[in-house]
Amino acid sequence: MTHVFHRQLNTTLPRAVSARGISITDADGKSYLDASGGAAVSCLGHAHPDVLAAMHEQIDRVAYAHTSFFTTDVAEELAADLIEHAPAGMSHAYFVSGGSEAVEAALKMARQYFVEIGQLQRRHFIARRQSYHGNTLGALAVGGNQWRRAQFAPLLMAVTHVSPCYEYRDRQPGETPEQYGARLVQELAGVIETLGADSVIAFVAETVVGATAGALTPVPGYLRGVRELCDRHGILLVLDEVMSGMGRTGTLHACEQEHVVPDLMTIAKGLGGGYQPIGAVLAQGRIVDTFARGSGLFQHGHTYIGHPVACAAALAVQRVIRRDGLLAAVRRQGQALTSRLQATFGDHPHVGDIRGRGLFQAIELVRDRADKTPFDAGLKLHARIKRQAMQCGLMVYPMGGTIDGQRGDHVLLAPPFIVTDGELDAIVERLARAVAGALEGLPA
Ligand code: PLP
């Protein structure tokens, strides 16, 4: 009997009793390889001594001080560290406790920016289908995942959704990746024109799509085209790097590889590496300056923003990543993961696509590789794979089904940056067994 209100009400979960390196052990002594970093969170693995030491030290110094009264050394140091390594023009970090809160704060910052400069007619957000930006109502409104939104309609904000950049499914025969990207930018331009360019606040997108579609990378030039379009119309670009950021794709921020600088960027998950709940919005100086010159405050706030112990954990995570050269490790081990996935699943009759960047990769399962038909949503193949994987001692992050236009079953892999070659072998071997087990007995 559990009194914890878990998301899944009719499932008994194993109890995690210890976690070290890339493994979690349950109360029965069974060990699970954490091949998804939980939900792309644990970038340093579990029980990293430097992070634990930094947290202990901070708890002894100041465990909590409300930010309407005080700032702390550790919050200042973390913000300075993030800004030093942020895309050009970013000047401030606004701390929150997680990804959804970061997205909510970014949406409000974008709205307040236009209020401050007197463009009150700007009311619309544009985002993409097949995207996930969090589970709070504002984040859910910009999210384009019908399965998560459906029960809560009408959502609090009207948001227009455009096509995702989903090369495997939507690039036409004969179309180059660049032409495909340009077509998507054209589609966005059409939507902006229909809404009225001066009525749009921001375009919101995940740089690399995570949870809803499994490591969808943008085609070359697509996000640059989006940036130019936004600039032409004075529309803000909000990039959500809650899942894909903080080193996961092999550069600190995924947008670096697109040569695109957003106006606002959300980060979380890997920021604190799971040691503490923490997220942030990184903001361009001109936006923060507008608030400073205008009303003098950002009309927002939560009790735990800038929590000192969370900041200490996040600062330690950043220092370990740099000291141990872990961005290079992500690129190297990312290639090692790709080649293992290709060797094991490249000719698999039900694996249609293997994709991703760095240690953020996914396989997409299909009934038929030739026409990319997904499995029937009712089969819940992704959930079967998750169950089988847990039996094999493997944590992966499956999503999917063909529910309300969400196409395909995906398995996302996002192991900690410290993953070894031997652990990658074990991950892919166990995943192959889990996929085989999940497919067994399904209608052909
Ligand atoms: N944005 C993206 C891109 C995410 O992947 C997620 C979570 O998966 C969120 C926002 C929400 O983050 P959180 O679950 O920390 O609220």
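The values are calculated or read from the model by the stated rules, or taken from the named source; none is laboratory data. Model, not experiment: these values are computed from the prediction. Methodologically, a virtual Cβ is constructed for each residue, glycine included, from the backbone with ideal geometry; neighbour enumeration extends over all protein chains shown.
With respect to Gln276, determine if the residue is farther than 29 Å from Asp353 by Cβ, of a type outside the set (D, E, K, R), at pLDDT 95 or above and more than 16 Å from the ligand (Cβ to nearest atom). Walk me through how you get there before you give the answer.
Numbers: farther than 29 Å from Asp353 by Cβ: yes; of a type outside the set (D, E, K, R): yes; at pLDDT 95 or above: yes; more than 16 Å from the ligand (Cβ to nearest atom): no.
No.
Filtered by the rule that a residue be surrounded by 20 or more Cβ atoms within 10 Å (Cβ to Cβ), on the phi > 0 side of the Ramachandran plot and part of a loop (DSSP other than H, G, I, E, B), the range 345-385 gives a lone residue, Gly358. With respect to the conditions (1) of a type outside the set (Gly, Ala, Ser); (2) within 16 Å of the ligand (Cβ to nearest atom); (3) touching a helix residue (DSSP H, G or I) at 6+ places or on another chain (Cβ under 6 Å), Ile201 lacks only one, and its number is (2). Just one of the listed residues (Ala426, Ala389) is buried (at least 24 other Cβ atoms within 10 Å of the Cβ) and small (Gly, Ala, Ser), namely Ala389. If the condition is being surrounded by fewer than 16 Cβ atoms within 10 Å (Cβ to Cβ) and within 12 Å of the ligand (Cβ to nearest atom), then the range 119-135 contributes only Asn135.
Against the conditions (1) outside the structural domain of Ser100 (by TED's automatic domain parsing); (2) farther than 18 Å from Gly98 by Cβ, Cys43 satisfies every one except (2). Exactly one residue among Leu379, Leu412 is closer than 21 Å to Ile22 by Cα and of a type in the set (A, V, I, L, M, F, W, C), and that residue is Leu412.
So which of Ala310, Ala283, Ala314, Ala292 ends up being within 13 Å of the ligand (Cβ to nearest atom) and either in contact (Cβ under 8 Å) with a residue 40 or more places away in the chain or not assigned by TED's automatic domain parsing to the domain that holds Arg20 (or both)? Selected residue: Ala310, the only one of Ala310, Ala283, Ala314, Ala292 that is within 13 Å of the ligand (Cβ to nearest atom) and either in contact (Cβ under 8 Å) with a residue 40 or more places away in the chain or not assigned by TED's automatic domain parsing to the domain that holds Arg20 (or both). Taking helices (runs of 4 or more DSSP H) as the structural unit, those lying wholly within the range 1-116 and holding at least 3 residues that are within 16 Å of the ligand (Cβ to nearest atom) and closer than 30 Å to Ser131 by Cβ correspond to 37-40, 99-116. Within the range 237-253, being assigned to a loop (DSSP other than H, G, I, E, B), among the β-branched types (Val, Ile, Thr) and either touching a Pro at 6+ places or on another chain (Cβ under 7 Å) or away from the ligand (no atom under 13 Å from the Cβ) (or both) holds for one residue alone: Thr251. The selection criterion, being modelled with pLDDT of 95 or more, outside any loop (DSSP other than H, G, I, E, B) and among the hydrophobic types (A, V, I, L, M, F, W, C), holds for Ala434.
For (1) over 22 Å from Ser295 (Cβ atoms); (2) out of contact with any His (no Cβ under 9 Å at 6 or more places or on another chain); (3) not assigned by TED's automatic domain parsing to the domain that holds Arg183, each residue gets a yes or a no:
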residue: Ala80; (1), (2), (3): yes, yes, no
residue: Tyr113; (1), (2), (3): no, yes, no
residue: Gly118; (1), (2), (3): no, yes, no
residue: His133; (1), (2), (3): yes, yes, no
residue: Gly143; (1), (2), (3): yes, no, no
residue: Ala150; (1), (2), (3): yes, yes, no
